[in-house]
Amino acid sequence: MLYTLAQTRQILQATWLQKSHTDTCVEHLLLDSRSITTPATSLFFALSGQRHDGHRFVHAAYQAGVRKFVVGREIDLSELPDAAVLLVPDTLAALQTLAAHHRAQFRLPVIGITGSNGKTVVKEWLYQLTRHHFRVVRSPKSYNSQVGVPLSVWQIREEHTLGIFEAGISRPDEMARLSQIIRPDIGIFTNLGPAHREGFPSDQVKLQEKMRLFESAQTLVVCADHPEILAAAEAWAAAKPGRELYSWSKTGRPGSFEFRVSSVESSGHSKLKTQNSTLTIPFTSVEFRVSSFESGGHSKLKTQNSTLTIPFTDAASIENACHCVAALLAMGIPVSEFSRRLKHLEPVEMRLELKAGINRCTVINDAYSNDLASLRIALQFARQQSRAEALVLILSDFLQSGKGKKQLYAEVAKAIAEHGVRRFVGIGSDIPVLRNQLPADIPAAFYPDTAAFLQDLQRLDFHDDLILVKGARDFAFERIARRLEQKAHKTVLEVNLGALIHNLNVYTRLLRPGIKMMAMVKAAGYGSGSAEVAKLLEFHQVDYLGVAYADEGIELRQAGVRLPILVLNPEPASFDALARHHLEPEVYSLTLLDELIRFAGKNRELAIHLKLDTGMHRLGFEPADLPALTERLHAHPNLRVRTVFSHLSAGDAPAHDAFTHAQAAAFTALYEPIAAALGYRPLRHIANTGGIARFPEYHFDMVRLGIGLYGVGSGAVQEQLQVVNTLKATISQIKEIPSGDTVGYNRNGPVTQPSRIATISIGYADGLLRLAGNGRYAVLVHGLRAPTIGNVCMDMTMVDVTHIPAAREGDEVVVFGEQPPVQELAACLQTIPYEVFTNIAERVKRVYWQE
């Protein structure tokens, strides 16, 4: 079901700001001018927030071909001659109203899921369990926000017979809007945890807000082991006749439940007991038997001796699976219809990984799912990364799409063309249908299966490409990803790009409108990889980048980064390279300024930045330099001063706040005569990461964000930041060491009892310095801390895993991340997180991922 813009105007009760001569149908809802693929059929909503205003990008969207817009205020129409523009009071509310109207046109059953954790897993598992009987439309990835839910529901089409959508909130009154959009028939409340607690006055308020999702639902699934949720659910059921509550329990507490799991045991295999029996399975699975399901005083479904198996043993997976079982039974689906599929539930991989590949390629690994929505998300992610590299797509058949083959692959071909794919590889028996649907200028190759492709891989000769590997799990595309990845050290630094942008937004929200953001990506992005981080920051529209040396800036230019780049430590030998690559040097002394004047003369125009010393006493002009400085700048107007800045010595140290205030005052006193001499006012900046949070009065015109991007802040801000960098190693070998022996060089690791000692694949050459040895630090293995024993070696470290019987060779080891945090390793090494990050060696493979 599609809508003309005239119909959309009626739905939104909008006013014409400008009409168009044509009125084509709206197929796609567009929120981001950087994500345009089908401009002719897209409707752009100019969303506004505390720190962003979509109205600023209407012209960019128009230039990209969009001709239909919804705006929340009057805009200049002179450069939009043939655009159709609708005016509404609130563009976000308009987006949600359109999605709610669209939902109301369909009578398909809809499952709505909320809770603090598990929403996406439950949604994806329900899809796996129902896709053979229903044509399912569901939320892509974790699209559960105020904009994600409308975009999800907009996907509903006539062919769909079941909808599964998740909803998340971060403050009061948000769920009422989402409830009107989703209008679930069946609700699932997974659990209640601390996520977004800061947005609500209490957990009870958050619980009641989440319950608003189920106002239209007739059935609600909850776990009775969460008493607050159960009480709210019982109140919900009592509030309106005909509502059914499906509760389940695994604690054996008194009550009437549709099924109960009484205990879970593990002893070489896994057991899950129900009230009536115990069944055992291989230890990679969990089994439970459902004895009866009853609701509302009548028997909904009764079974005897039914065995259900899931291939997971952790508590979260058991809870998620029980939610799925209850929802399926509430839908009237017999156990016999889904019991076999429960055994084959697949892990939910919601992240895209970006890795260095063979022959200077970059590989995006999304080898675990394949549907149209996730394909478009992956292609957009690839477009975000790609500048100079040709985009290659390796794609498998689509399984259980709910569409006819001809319609499905016509849409796939359209998505491939719209996203600029330059080369295509199809794998499977159905996908060759694309052969005659792809544009003639896209070379295409087809293979019957993954093995045939791998056999031919060398002949395909990928080099200097951006390769997106996108396939259904049945095709085992992880084998392709492994072959394409650059072979590297087993130790990896995982960089969570989503967390990095979250942290950027945390600091951006602290700024007044109009204040610019400079992101520091020096020292290889604090060890994270400067090019990858810089491209992401450019996509998210920071204003400036900062690097330490010209070489770093040149690398960014060669990677296709176009943002202005400040070089903090320029050298005269690099001036020519700076000019050729449009890099902007910091000038901190008269000597350096004179060198730059000799290079530039009076004709070559250069952008420069003046550094003032206000008390750091590292680099910068001092008050005595001002007369000579202003005289030279006045004589050489071709040196255009972009910014004047200084550096706070102790912005995050309350004990030195008086000194910080004195620095800011000194900065202002030095800046004013410089601006007067120039005849214009360059941008001012002094606040670094610590200063951004603590001194809003010193944000001036721009701030510089460094370590805070990577999840290390101070004070209350630290609680809002997410971990970006996780350093991981693997267990290379485990030895049984008798009491009285020693471990490592100089016999510094005495063994006082029979012990299991694991050697892990990281040493001081990778960045784990020797101070971490001899029990002073402990890594994480299977969720438990394993202390070092003996000295840290160049390439290896030994840790004690005696108390971790599950530890095996090849297991993952977390050196720092969520736990243990990098601050703990920094304290052990008697240093700061900056140094820990920047000490991570180049040979440690960086893996970039984003949900």
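Could you grab me the full set of residues in segment 555-590 that are part of a helix (DSSP H, G or I) and open to solvent by less than 30 Å² (accessible area, probe 1.4 Å)?
Leu556, Ser574, Phe575, Ala577, Leu578, Ala579
If you scan segment 458-478, which residues turn out to be closer than 20 Å to Asp366 by Cβ and either loosely packed, with under 15 Cβ neighbours inside 10 Å or small (Gly, Ala, Ser) (or both)?
Listed by number, the residues that qualify are Leu460, Gly471, Ala472, Asp474, Ala476.
Is one or more of the residues making up segment 626-648 in contact (Cβ under 8 Å) with a residue 24 or more places away in the chain and over 22 Å from Ala675 (Cβ atoms)?
Scanning segment 626-648, I find no residue that is in contact (Cβ under 8 Å) with a residue 24 or more places away in the chain and over 22 Å from Ala675 (Cβ atoms), so the answer is no.
Could you list all residues from segment 144-163 that are out of contact with any strand residue (DSSP E or B) (no Cβ under 8 Å at 6 or more places or on another chain) and either of a type in the set (A, V, I, L, M) or more than 16 Å from Gln180 (Cα to Cα) (or both)?
Of everything in segment 144-163, those that are out of contact with any strand residue (DSSP E or B) (no Cβ under 8 Å at 6 or more places or on another chain) and either of a type in the set (A, V, I, L, M) or more than 16 Å from Gln180 (Cα to Cα) (or both) turn out to be Val147, Glu158, Glu159.
Output the residues belonging to segment 220-246 that are in contact with a Gly (Cβ under 8 Å, 6 or more places away or on another chain) and open to solvent by 10 Å² or more (accessible area, probe 1.4 Å).
Glu244, the sole residue that qualifies.
Take the residues in segment 350-364 that are on the phi < 0 side of the Ramachandran plot and open to solvent by 10 Å² or more (accessible area, probe 1.4 Å); name whichever of them is modelled with the lowest pLDDT.
The extreme case among them is Met350.
Kindly provide the set of residues from segment 207-240 that are touching a Lys or Arg at 6+ places or on another chain (Cβ under 9 Å), farther than 17 Å from Gly168 by Cα and among the charged types (D, E, K, R), ordered by number.
Matches in segment 207-240: Asp225 only.
Within segment 591-613, can you find the residues that are open to solvent by 40 Å² or more (accessible area, probe 1.4 Å) and not aromatic (Phe, Trp, Tyr)?
Within segment 591-613, Thr591, Asp594, Glu595, Arg598, Lys602, Asn603, Arg604, Glu605 meet the criteria.
Give Ser78, Ser48 a once-over and let me know the one that is of a type in the set (Gly, Ala, Ser) and in contact (Cβ under 8 Å) with a residue 24 or more places away in the chain.
Ser48
Among strands (runs of 3 or more DSSP E) lying entirely in segment 752-851, which contain 3 or more residues that are among the β-branched types (Val, Ile, Thr) and either open to solvent by 70 Å² or more (accessible area, probe 1.4 Å) or over 30 Å from Gly690 (Cα atoms) (or both)?
Result: 755-760.
For segment 81-94, indicate whether the set of residues that are surrounded by fewer than 19 Cβ atoms within 10 Å (Cβ to Cβ), of a type in the set (Asp, Glu) and in contact (Cβ under 8 Å) with a residue 24 or more places away in the chain is non-empty.
Yes, segment 81-94 contains a residue that is surrounded by fewer than 19 Cβ atoms within 10 Å (Cβ to Cβ), of a type in the set (Asp, Glu) and in contact (Cβ under 8 Å) with a residue 24 or more places away in the chain.
Can you find a residue in segment 32-41 that is touching a residue at least 12 places away in the same chain (Cβ under 8 Å), among the basic types (Lys, Arg), in contact with a Leu (Cβ under 6 Å, 6 or more places away or on another chain) and open to solvent by 10 Å² or more (accessible area, probe 1.4 Å)?
Scanning segment 32-41 turns up no residue that is touching a residue at least 12 places away in the same chain (Cβ under 8 Å), among the basic types (Lys, Arg), in contact with a Leu (Cβ under 6 Å, 6 or more places away or on another chain) and open to solvent by 10 Å² or more (accessible area, probe 1.4 Å).
Restricting to strands (runs of 3 or more DSSP E) lying wholly in segment 133-210: which have 3 or more residues that are surrounded by 19 or more Cβ atoms within 10 Å (Cβ to Cβ) and in contact with a Pro (Cβ under 8 Å, 6 or more places away or on another chain)?
Passing ranges, in order: 162-166.
Which of the helices (runs of 4 or more DSSP H) contained wholly in segment 1-109 include at least 1 residues that are under 28 Å from Ala378 (Cα atoms)?
Filter on segment 1-109 gives 58-63, 91-104.
The values are calculated or read from the model by the stated rules, or taken from the named source; none is laboratory data. For clarity, every value in this text was computed on a predicted model and none was experimentally measured. For neighbour counting, all protein chains shown are included, and Cβ atoms are generated from backbone atoms with ideal geometry for every residue, glycine included. Accessible surface is based on the protein model in full, side chains and every heavy atom, while ligands, DNA and RNA are left aside. Shrake-Rupley method; radii C 1.70, N 1.55, O 1.52, S 1.80 Å.
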